[in-house]
1. Highest first, please rank the peptides 117-125, 159-167 by the mean number of other Cβ atoms sitting within 10 Å of their residues.
2. For region 415-559, divide the Cα radius of gyration by the Kirkwood radius and give the resulting Rg/Rh value with two decimals.
3. Give, in nm to one decimal, the length gained when the segment between residue 246 and residue 538 is fully stretched (0.36 nm per residue of separation minus the Cα-Cα distance).
4. Given labels modelled 7 Å from the Cα in the Cβ direction, how far is it in nm from residue 157 to residue 442?
5. Between residue 99 and residue 475, how many nm apart are label points set 7 Å from Cα along the C-beta direction?
6. I'd like the FRET efficiency for residue 216 and residue 145, computed as 1/(1 + (r/R0)^6) with the beta carbon distance as r and R0 of 56 Å, rounded to 0.05.
7. As an exercise, use a Förster radius of 35 Å and the Cβ-Cβ distance of residue 280 and residue 345 to find the FRET efficiency, rounded to the nearest 0.05.
8. Once both labels are modelled 7 Å past Cα along the beta-carbon direction, what's the residue 138-residue 188 spacing in nm?
């Protein structure tokens, strides 16, 4: 992976190296053409018959190559093919060196121009062409080889070995100098390329950071504007203080209140105690508490403003930055009207409760009057059958009156403590019928039920206990009556009424028209969505499973 990355970097450098050399090569080639042309014109004018001019004119054989190189430097689509183009054109120059040297008389005047021209070509190769280093070195060797072969085939070596080797030495020396120059150019440009690469990367990163910072600043400014707009849209009075208790934000609603009450509006940066001199030391301690503990505080306070007494709810909310409370926002809400409505609701609820208690009290009294009237009728009538009916009716009315008595005395007018109600009812029935011969045992779970549940249960208990005390123990015999109330869950209960008396008759039936009490019990159990199980041996036992209608109809949790 690292080698692939290094190869890609070197390839990128070579492209950069070649492209960056185009301006220098273009200037060098233009300058070369201008100098050669100027020198040729000068020789043609002032020295037309000099033998050296013949050699000089032969050097123009590479002029098409230089023109091609200049053209390539301007044609951008060809820049991607610079490497093969440079190799091809420099090989043409090598052929030109060989051709000029092969067909020129190197023993006559002007031959030194040939050696100078070859050295200039070699220097130009290493100076102008920024090809890969090994490629430049190889082309330079080809050019020296062309020069050497031309001298050998032209018999210059045979004619004057000293002259041959002396010029070859200068050509090789020029090659060596150019070789070192090309190496230095490559090394310096490699370092510059790496530095430029790093600078480009850092510059790009810097631009990205600047862009991100600008986006962050813009987002922050938008957030600030939105934050202030949000605060200004809230009708509550809002101000924000810093840890030095200086006001940093005041919303529009509070500014309007300042104007209406003749208070200064330009308060940003001023101490809160200076802006609101009426602020108590307790409020300042609350600010400090929010700064120290970072928890919102809610207080209520009565204020007098423009001869009006206002009931205000004050919230002090911490504002965090980097997990530290840096500011506290105070939100002041006028709850005067809400308080008036709440007080009115409270008064209405109290009046309603008083009325309901009065209603229950009057219903209880009216039922007591009915019981008294029945007792008067009972004393004035000697018919035993009628007396028994009147007593049954009286006990049923008394069970209903007892419910209203409990509601009148209860804290909750929609609930009745069923255990206390059954206990009271059973005690009244026991005292009415048995005297001291029958023992009453109760075990009642503590629970509250609605009047829709209590009234049927009271009538059921009345019927069952009345029958037990009247019929289960004939001839004044002693016995025991047990009443149990068991809670199965939040919705279902079980009521058990049993005795150890003589039991039920063999032909006993809940559907018998002769027993109005049993018929009433059956209807009441159905009203409670319940069920009843009856056992008549070794005494009578009635097990009634019923629903608490307070749960079924209102879904109100029990105590």
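1. Working: 117-125: 20.9, 159-167: 13.9.
Result, highest mean first: 117-125, 159-167.
2. Numbers: Rg = 15.0 Å, Rh = 15.5 Å.
Expressed as Rg/Rh, it is 0.97.
3. Working: separation 292, 0.36 × 292 = 105.12 nm, distance 8.79 nm.
Difference between extended and current length: 96.3 nm.
4. Distance between label points: 14.2 nm.
5. Placing both labels 7 Å along Cα→Cβ, they lie 15.9 nm apart.
6. 0.30
7. With a Förster radius of 35 Å, E is 0.70.
8. Taking the simple label geometry, residue 138 and residue 188 are separated by 2.7 nm.
Every number in this text was worked out from the coordinates using simple rules, so none of it is lab data. Computed from a predicted model, the values in this text were never measured in an experiment. Note: ideal-geometry Cβ built from the backbone for every residue, glycine included; neighbour counts use all protein chains shown.
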